[in-house]
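Written below as structure tokens is the structure these notes are about.
Laboratory data are not the source of any read-out in this text; all were calculated from the coordinates shown. These numbers were taken from a predicted model, which means no experiment stands behind them. We place every Cβ from the backbone using ideal geometry, glycine too, and count neighbours over all the protein chains shown.
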Amino acid sequence: MADGYLEKRMEEFSSSSRKSTSKHVSLDALFEKNRSYRGYKKDFVVKRDMLERIVNVNTKIASGKNQQVLRFKLVTKGEDADFILNNIKLGGMLPELHLPYEGTEPEAFIIVCTSVPETKIIDIDLGISLQSMSLKATEMGLNCVMICAFNKANIVEHFDLKCEPLAILAVGKGAENIKLKQISVDESRAYYRVDGVHYVPKVKLEDIIL
Ligand SMILES: Cc1cc2nc3c(=O)[nH]c(=O)nc-3n(C[C@H](O)[C@H](O)[C@H](O)COP(=O)(O)O)c2cc1C
């Protein structure tokens, strides 16, 4: 065997495992960036094809019994988006801030509906869908917030929906500074703001493993 062959193979092996480690880190980085934004830049307009790319993840994700009963209404900047804005609640844990701040309102939305009566399995599908779409948006350089606090009756009537809306995903270019803060299980999980930074407490690993 030629001199240095084994050393070369070892170096190739360790460099490929370094590469796979760095891939893993980039998924972690995506999770870290994938925060809930309640303020967006007005100079960036989300186009319909961007929402379609985000919704496209639903053609690849898990679904209980592979039912795929979720349906998606895409809403870009305009009167319909203004209507949604008036029928959602953002930042309910910081009521004194009346989020979103004027001039940072979200302008594009994905209304997630179920085409059959809601069940536990469909709610799990909903969570997988929302998280997958949010991660896709983050990968695209956009940001989101999942919204369950919305006026369902008004949304159904305005959009003449034939299926039940379960959640709304706001999409845009985030205009907030958001940081994760590691906490113990006995500390408050309420998000808070200090000097314009939005802190999101997350319970540390040791405290979530049984
Ligand atoms: C099921 C679900 C419903 C949510 N509904 C709302 C909502 O109605 N309004 C809102 O401002 N945020 C809503 N959020 C965002 C959460 O408040 C947010 O995930 C939490 O504060 C943690 O922040 P993070 O997403 O940056 O980790 C919702 C999130 C989830 C998962």
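Counting only the Cα atoms, the range 76-158 fills a convex hull of 123 Å³ per residue.
For the range 48-175, relative contact order (Cα pairs under 8 Å, six or more residues apart, normalised by length) works out to 33 percent.
With bins 5 Å wide beginning at 0, the percent of Cα pairs of the chain falling in each bin runs 1, 6, 12, 15, 17, 15, 12, 7, 4, 3, 2, 2, 1, 1, 0, 0. Remark: the range 145-160, residue by residue, has Karplus-estimated 3J(HN,Hα) of 9, 7, 10, 10, 8, 8, 7, 4, 4, 5, 5, 4, 5, 4, 9, 6 Hz, where x stands for each Gly or Pro and the curve is 6.51 cos²θ - 1.76 cosθ + 1.60 at θ = phi - 60°. Plainly put, the range 117-210 has a radius of gyration that is 1.03 times its Kirkwood radius, both from alpha-carbon atoms, as the Rg/Rh ratio. Each residue of the range 124-132 was assigned a 3J(HN,Hα) from its phi angle through the Karplus expression (A = 6.51, B = -1.76, C = 1.60, θ = phi - 60°), giving 5, 3, 4, x, 4, 5, 4, 5, 5 Hz with x at Gly and Pro. Partners of K136 within straight-line reach, counting lysines whose Cα lies under 23 Å from its Cα and excluding those fewer than 8 residues away in the same chain: K19, K23, K33, K41, K42, K47, K60, K73, K77, K173, K179, K202. Unpaired cysteine residues in the chain (no second Cys Cβ under 4.7 Å): C144, C148.
Applying 0.36 nm per residue to the separation of I124 and E139 and subtracting their alpha-carbon distance, the gain on full extension is 3.1 nm.
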